Amino acid sequence: MSDLYDLIIVGAGPAGLTAAIYARRAELKVLLIERNYVSGGQIINTYEIDNYPGLPGLNGMDLATKMSEHADKYGTERMTAEITGLELDGDVKKVVTDKGSFEARAVILASGNSPAKLKVKGEEELAGMGVSYCATCDGAFFKNRTVAVVGGGDVAVEDAIFLARGCKKVYIIHRRDELRAEKSLQTALFKCDNVEPVWNSVVKEIAGSDMVEKVIVSNVKDGSETEIEVNGVFIAVGNVPNASYIKGGQDEASLNAGELLLDPKGYVIAGEDCASNIPGVYAAGDIRSKALRQVVTAVADGANAVYAVQKYLAGA
């Protein structure tokens, strides 16, 4: 079959781009499918990446651009399309998109994840009208204004630090009495004199007529409610896998042919070689079930996955 690829890579974030680089260097026939017109995944929304070895402080968009250009250097075939389904049973795998179906002997799933939502009153209604999931995308609209960041992990703290540079006041709302972020990030955050933590609290409602005007928070210890006047709310409470196109479940014994084994959150279960429960199908980067999701672990997955693909294609 002339249209049969050796490998189809789903997703062009750090894992997918790295996989494309390694696969093309191995002279595999590769198709890289990405749903967005700009490659790079979530790092394109990161103002500063300070934990990628050798490149401290690099802008996320710059790193994504370099990775993308590196993949293009080896003549990676690309297309922009939305994945609508997978047919993974058998030796030839089929990836179904809104622009047609494509076949390959192996598939690497590297579609990453997306910001989780609070699912509170006002969140959907005020999305884009003060509710945001990307501080670097929308922070400039709130210069000299008051905002709230919801969350306590690395992303939330990074967002709060970034916003503190231009905003009049930044509240960081967290359900516990201490943050989960790296200590170096916490140190930087608490040096910002315009940042105020709101401990042991969860957002109950985001309110406003045409734009965000306030958040109503509930104290998890005593149940008391407080209204905080803000112009914007930046939500950073974790992520969910971009896996709507994936069929699977948590009980391997009950899976149908071609279905993937998933963890309780919907991430694909795969080992350090990125091999899933289906021969010839691999999961790399943030879509894979694992403890640490960072750029450095994503690129490692991309390399490991291609190494495993080569062995699989060679029949090893």
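This table checks each residue for (1) under 26 Å from Cys134 (Cβ atoms); (2) among the polar types (S, T, N, Q); (3) assigned to a helix (DSSP H, G or I).
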| residue | (1), (2), (3) |
| --- | --- |
| Thr18 | yes, yes, yes |
| Ile33 | yes, no, no |
| Tyr37 | yes, no, no |
| Ile44 | yes, no, yes |
| Tyr52 | yes, no, no |
| Met61 | yes, no, yes |
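Which condition breaks for Ala253 when tested against (1) out of contact with any Asp or Glu (no Cβ under 9 Å at 6 or more places or on another chain); (2) at pLDDT below 95; (3) buried (at least 16 other Cβ atoms within 10 Å of the Cβ)?
Exception for Ala253: condition (3).
For the structure I just gave you, tell me whether Glu205 is outside any loop (DSSP other than H, G, I, E, B) and either on the phi > 0 side of the Ramachandran plot or touching a Phe, Trp or Tyr at 6+ places or on another chain (Cβ under 7 Å) (or both).
The answer is no for Glu205.
Among (1) touching a Gly at 6+ places or on another chain (Cβ under 9 Å); (2) surrounded by fewer than 17 Cβ atoms within 10 Å (Cβ to Cβ); (3) assigned to a loop (DSSP other than H, G, I, E, B), where does Val240 come up short?
Tallying (1) touching a Gly at 6+ places or on another chain (Cβ under 9 Å); (2) surrounded by fewer than 17 Cβ atoms within 10 Å (Cβ to Cβ); (3) assigned to a loop (DSSP other than H, G, I, E, B), Val240 fails exactly one: (3).
Report yes if Lys169 is of a type outside the set (Ser, Thr, Tyr) and either within 15 Å of Val237 (Cα to Cα) or touching a residue at least 12 places away in the same chain (Cβ under 8 Å) (or both), otherwise no.
yes
Report yes if some residue within the stretch 134-145 is part of a helix (DSSP H, G or I), in contact with a helix residue (DSSP H, G or I) (Cβ under 8 Å, 6 or more places away or on another chain) and surrounded by 24 or more Cβ atoms within 10 Å (Cβ to Cβ); otherwise report no.
The answer is yes; a qualifying residue exists.
Looking at (1) in contact (Cβ under 8 Å) with a residue 12 or more places away in the chain; (2) under 17 Å from Thr18 (Cβ atoms), which one does Leu292 not meet, given that it meets all the others?
(1)
Give the stretch 84-110 a look and list any residue that's more than 25 Å from Glu48 (Cβ to Cβ) and surrounded by 21 or more Cβ atoms within 10 Å (Cβ to Cβ), or say none. Please lay out each step first, then the result.
Of the residues in the stretch 84-110, the ones more than 25 Å from Glu48 (Cβ to Cβ) are 84-109.
Correct list: Leu86, Leu88, Lys93, Val95, Ala104, Ala106, Val107, Ile108, Leu109.
Among the residues of the stretch 293-316, write down those that are closer than 30 Å to Gly153 by Cα, touching a helix residue (DSSP H, G or I) at 6+ places or on another chain (Cβ under 8 Å) and either of a type in the set (Phe, Trp, Tyr) or surrounded by 22 or more Cβ atoms within 10 Å (Cβ to Cβ) (or both).
Val295, Ala298, Val299, Asp301, Gly302, Ala305, listed by residue number.
If a residue has to be surrounded by 18 or more Cβ atoms within 10 Å (Cβ to Cβ) and more than 17 Å from Ser132 (Cα to Cα) to count, how many in the stretch 198-227 make the cut?
The qualifying residues number 3.
Matching residues to (1) on the phi > 0 side of the Ramachandran plot; (2) part of a loop (DSSP other than H, G, I, E, B):
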{"residue": "Gly223", "(1), (2)": "yes, yes"}
{"residue": "Val233", "(1), (2)": "no, no"}
{"residue": "Ala270", "(1), (2)": "no, yes"}
{"residue": "Asp273", "(1), (2)": "no, yes"}
{"residue": "Tyr282", "(1), (2)": "no, no"}
{"residue": "Ala300", "(1), (2)": "no, no"}
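Tally up the residues in the stretch 148-186 that are within 20 Å of Asn200 (Cβ to Cβ), in a loop (DSSP other than H, G, I, E, B) and over 19 Å from the mean Cα position of the chain (by Cα), please.
6
Quick check on the stretch 64-86. Is at least one of its residues part of a helix (DSSP H, G or I), among the acidic types (Asp, Glu) and at pLDDT 95 or above?
Checked against the condition, which is being part of a helix (DSSP H, G or I), among the acidic types (Asp, Glu) and at pLDDT 95 or above, the stretch 64-86 yields at least one hit.
I need the full set of residues from the stretch 295-306 which are closer than 14 Å to Ile9 by Cβ and in contact (Cβ under 8 Å) with a residue 60 or more places away in the chain, in order please.
Across the stretch 295-306, the qualifying residues are Ala298, Val299, Asp301, Gly302, Ala303, Ala305, Val306.
Determine if the stretch 196-207 includes at least one residue that is more than 24 Å from Glu225 (Cβ to Cβ) and either without any contact (Cβ under 8 Å) to a residue 40 or more places away in the chain or touching a Ser or Thr at 6+ places or on another chain (Cβ under 9 Å) (or both). Full working, then the answer.
Of the stretch 196-207, the ones more than 24 Å from Glu225 (Cβ to Cβ) are none.
Checked against the condition, which is being more than 24 Å from Glu225 (Cβ to Cβ) and either without any contact (Cβ under 8 Å) to a residue 40 or more places away in the chain or touching a Ser or Thr at 6+ places or on another chain (Cβ under 9 Å) (or both), the stretch 196-207 yields no hits at all.
The values are calculated or read from the model by the stated rules, or taken from the named source; none is laboratory data. Bear in mind that the values here come from a model prediction, so they are computed numbers and not experimental data. For neighbour counting, all protein chains shown are included, and Cβ atoms are generated from backbone atoms with ideal geometry for every residue, glycine included.
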